[in-house]
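Colleague: I have a structure I would like to understand better, so I am pasting it below and will then ask my questions one at a time.
Any read-out appearing in this document is the output of simple, stated calculations on the displayed coordinates, not a laboratory observation. Quantities reported herein were computed from a predicted structural model and do not represent experimental measurements. No Cβ is skipped: glycine too gets one built from the backbone with ideal geometry, and neighbour counts run over all protein chains shown.
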Amino acid sequence: MSAVSIVVFDVGNVLIEWDPNHLYEELIPDPAERTDFLTNVCSMEWNLQQDLGRSWAEANEILIAQHPEKKALIEAYSARWHDMVPGAIKGSVDILEELKTVGVPLYAITNFSSDKFSEAKKRFPFLSNSFLDTVVSADERVLKPAPEIYEILFKRNNLSPAECVFIDDSEKNVIGARATGMHAIHFQNPDQLRSELRKLALPV
């Protein structure tokens, strides 16, 4: 494969931490009840539909009709979204900034709802000023690991997959990226990421 010269980041749980438990540990103290709510009410599958472009208003309406007694808990998922995001992952952002400083071309592909990503960019300026292009799933109506979402990045920016390395905390998204011809790193922590990037001769 070609030498890697371009770095493509995922956002959630690579550059910023995201976990609904940060909010719902407060709202639903009982662990079993909380697990049931996040598995069977505000589930990952339900949340992914917002990452595909469904509005939060519609998402709430659907679930509240099914679980009217949980209306406040359902609405909190969107209204208090920032409580699920305690902050940036500093070590990863340090790597991002180092790559940016030395002129490595940086891009992002993220499964994210459009409005929450807009909010995240205001809170975390590096999401606005680091990337030459960001492919947001909700804007494109396609989710990782579908090959189409990676192809959007390549075609829109005239990139060769073999020159790119993609970083994601989800193994299935890493596998999806590799299937398109990209190098890919399954993110575990910033130290591991730095080590993997150095193996690709990137300046970190």
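Colleague: Determine the sum of side-chain charges near Tyr150: Lys and Arg each +1, Asp and Glu each -1, restricted to other residues whose C-beta is under 12 angstrom from that of Tyr150.
Modeller: Charge balance near Tyr150 sits at -1.
Colleague: When the dipole is taken about the Cα centre of region 21-84, and only Lys, Arg (+1) and Asp, Glu (-1) are charged at their Cβ, what size is it in debye, to the nearest 20?
Modeller: 140
Colleague: If you don't mind, there's one more thing I want to ask. Suppose only helical runs count, i.e. DSSP H with n ≥ 4. What mean residue ellipticity at 222 nm does that imply for the chain under -39500 (n - 2.57) per run, divided by all residues and rounded to the nearest 500 deg cm²/dmol?
Modeller: Result for the chain, helices only: -14500 deg cm²/dmol.
Colleague: If each residue's Cβ is checked for other Cβ atoms within 10 Å, how do Asp10, Asp19 rank with the fewest at the top?
Modeller: Asp19, Asp10
Colleague: Where Lys and Arg each count +1 and Asp and Glu each count -1, what net charge lies around Asp169 among other residues with Cβ under 12 Å from its Cβ?
Modeller: Summing Lys and Arg as +1 and Asp and Glu as -1 gives -3.
Colleague: Moving on. Taking neighbour Cβ counts within 10 Å as the exposure measure, how do Asp30, Asp139 sort from fewest upward?
Modeller: In order of increasing Cβ crowding within 10 Å: Asp30, Asp139.
Colleague: Taking the chain, how much of its Cα-Cα pair set, in percent, is spaced more than 26 angstrom apart? Display every interim value, and only then the final one.
Modeller: Numbers: 7339 of 20706 pairs.
In whole percent, the share of Cα-Cα pairs in the chain beyond 26 Å is 35.
Colleague: I would also like to ask the following. Hey, can you grab everything whose amide H is under 5 Å from the amide H of His183? Only 5+ residues off in sequence or another chain; H modelled, so Pro and N-termini drop out.
Modeller: Cys164, Phe166
Colleague: Okay, moving on. Where does each of Met44, Met182 land when they are ranked from fewest to most other beta-carbon atoms within 10 angstrom?
Modeller: Listing Met44, Met182 from fewest to most nearby Cβ atoms yields Met44, Met182.
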